[in-house]
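Down below is the structure, laid out as structure tokens.
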Amino acid sequence: MRMRYTAVVLLLIVAACSVQQELAPTPPQPAGPSTTDALPPTTLADLTTTTTDQPTTTTTLEAPKPDTSVAYEEVAHLSFPIQLTALPGSKISYIATKDGRIWLYDGVAISDEPVLDISDRVLDEGERGLLSIVLHPDGSGRLFAHYTATNGDTSEFALIDEGTADPDSERVLLRLSQPAGNHNGGMIQFGPDGTLYVALGDGGGANDQFNNGQDLGTLLGGLVSISVDGDPDPTLFNSGLRNPWRFWIDGKVIYIADVGQ
């Protein structure tokens, strides 16, 4: 049974968003799969009216001392690192670079060679590229990636000997054509129920010119849920988004950073 979530959308107006990028010559795509079994959308009103029998508590962090400063230490030098994700219960992390390579980080140094290189199937251009990775929370060594190919792909790879992955082990879970070169997608993350959530942009162009964010017949402009251990038929979980570049699941609340107009 899929858990009930409250979605909180944080709208960010970012100048770096390439909304005026030249559009690809392809027309808008046909409507996606049916969304009749999607969970009813929740609103900020649901969040503010939720009641609980548990007493509320407030935690106040101690203010830093006046002579305290924050310092950064470079631990690796990579070309356009896009995301870091940790192996559950381990100090080992994986770092994705936008060009389509994934590196192992053991807390001290980066691996000499990528543990997975799919740069030959990733379109690294503008806002497109390898956009997000996540490891299966059960620690089984299953790596999932969301990237821009000829079409946008969300795929699973099997991690094998000492953290390496075979490019030929790819299992495509979602492939969705994009009408433009920006807002092709964003983050992927597992929910507490083991469902994979994929954030998809509205297909690009300025001001949602294809109206995908207002169309419940397409997965574009939505947060999509996928069962990775059953029928992977995607379901539109939340709609009306512009470019949900990053989101985070905290219990039953999902915080979405939505970029664009």
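Of all accessible surface on the range 159-253 at a 1.4 Å probe, what whole percent is carbon and sulfur?
Numbers: 1570 of 3520 Å².
For the range 159-253, the apolar C and S fraction of the accessible surface comes to 45 percent.
Look at the Cα gyration tensor of the range 76-163: its axes a ≥ b ≥ c give a/c of at least 1.5 with a/b at or below b/c, and that counts as oblate. Summing +1 for each Lys or Arg and -1 for each Asp or Glu among the other residues whose beta-carbon sits under 10 angstrom from that of P167 gives -4.
A Förster radius of 45 Å combined with the Cβ-Cβ distance from S93 to N207 puts the calculated FRET efficiency at roughly 0.75. When nucleic acids and ligands are ignored and a 1.4 Å probe is applied, T85 ends up with an accessible area of around 20 Å².
Pulled fully out, how much extra length does the chain show between A71 and A86, if you take 0.36 nm times their separation in residues and subtract their Cα-Cα distance?
Numbers: separation 15, 0.36 × 15 = 5.40 nm, distance 2.22 nm.
Contour length minus Cα-Cα distance gives 3.2 nm.
The values are calculated or read from the model by the stated rules, or taken from the named source; none is laboratory data. It should be emphasised that the depicted structure is a prediction, and the values quoted were computed from it without experimental measurement. So basically every Cβ, Gly included, is an ideal-geometry build from the backbone, and we count neighbours across all protein chains shown. In case anyone asks, the SASA skips ligands and DNA or RNA and just uses the protein heavy atoms, side chains included. Shrake-Rupley method; radii C 1.70, N 1.55, O 1.52, S 1.80 Å.
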